[in-house]
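K.L.:
This structure is in structure tokens; I'll ask about it shortly.
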Amino acid sequence: MKAFFRLFPLAALFSSFSVAAAPSPIVAFAACDEHSLAVVQSPLFKALVPSSVENGQIKLSGGTKSEMGQRWMFAKPVEVAGLALTGFFAEDMELMGTRIVAWGFYAQQAPNELHAQLENAGGPRLDKVHGLFARAEIWNHGKSTWLPEDPAATAGKLVVDSAERVLMIEPAPQELSKTSQGMYSCSIQGKVNEAMLKTSRPDLISATH
């Protein structure tokens, strides 16, 4: 269900906001930029999410297979910035002609509490609709950059000639409900090209789809 939700333009639900200065790796992750994956190499997670650096890019390894990718569940929660993080995930798949790339954390907290703790830690202000919190951006081909998504321009329409980049707090997958209530993630979805990946997931540029 989560994957199908991501296929619809989030501009119909969420307005844009500005990312605050990041005082910790968890808050810095909110930029969803080319440095966001480096959170796994911080001292907090380096021993929990195996990775290496190849040709200047982080490469994840290990983990267990999930419906859409890989996940790394922690033996005990990592306490940071008021959060109790229970695992990390990375996904990259094609669905109905749309590429979905997502990466982020599972947490013991439900979305409301997860969002409140992130705000207290200096994280970004997110808009809330139907229990979800998000920031949505759309790729501007002319400027080769991500711009705040305009709800008036894309409401009710699928993004078929571009892609969205979304920071989201949402419920964790149901199969993890005993340990994880929420998840905090970045995603890129739509007609994804190398220029987009360069800004957020340069490690996937060589991946073919």
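K.L.:
Which ones in the range 164-193 are among the small types (Gly, Ala, Ser) and modelled with pLDDT of 95 or more? Step through it out loud before you land on a result.
P.N.:
Here is the first cut: in the range 164-193, the ones among the small types (Gly, Ala, Ser) are 172, 177, 180, 182, 185, 187, 190.
Scanning the range 164-193 gives Ala172, Ser180, Gly182, Ser185, Ser187.
K.L.:
If you scan the range 68-108, which residues turn out to be outside any strand (DSSP E or B) and free of Cβ contacts under 8 Å to residues at least 40 places away in the same chain?
P.N.:
Pass one, the range 68-108, residues outside any strand (DSSP E or B): 68, 81-82, 96-97, 108.
Scanning the range 68-108 gives Gly82, Gly97.
K.L.:
Could you list, in sequence order, all residues of the range 172-209 that are of a type in the set (Val, Ile, Thr) and exposed (fewer than 15 other Cβ atoms within 10 Å of the Cβ)?
P.N.:
Answer for the range 172-209, where residues must be of a type in the set (Val, Ile, Thr) and exposed (fewer than 15 other Cβ atoms within 10 Å of the Cβ): Ile205, Thr208.
K.L.:
Another question, if that's okay. For the range 71-94, does any single residue satisfy the condition of being farther than 19 Å from Thr179 by Cα, open to solvent by 10 Å² or more (accessible area, probe 1.4 Å), charged (D, E, K, R) and over 18 Å from the mean Cα position of the chain (by Cα)?
P.N.:
No, the range 71-94 contains no residue that is farther than 19 Å from Thr179 by Cα, open to solvent by 10 Å² or more (accessible area, probe 1.4 Å), charged (D, E, K, R) and over 18 Å from the mean Cα position of the chain (by Cα).
K.L.:
If I ask for residues that are surrounded by fewer than 15 Cβ atoms within 10 Å (Cβ to Cβ) and within 20 Å of Ser187 (Cα to Cα), which ones from the range 39-65 would you list?
P.N.:
Within the range 39-65, Lys59, Ser61, Thr64, Lys65 qualify.
The values are calculated or read from the model by the stated rules, or taken from the named source; none is laboratory data. Please read these numbers as outputs of a predicted model, since none were measured by experiment. We place every Cβ from the backbone using ideal geometry, glycine too, and count neighbours over all the protein chains shown. Areas reflect the complete protein model, heavy atoms only, side chains present, ligands, DNA and RNA absent. Shrake-Rupley method; radii C 1.70, N 1.55, O 1.52, S 1.80 Å.
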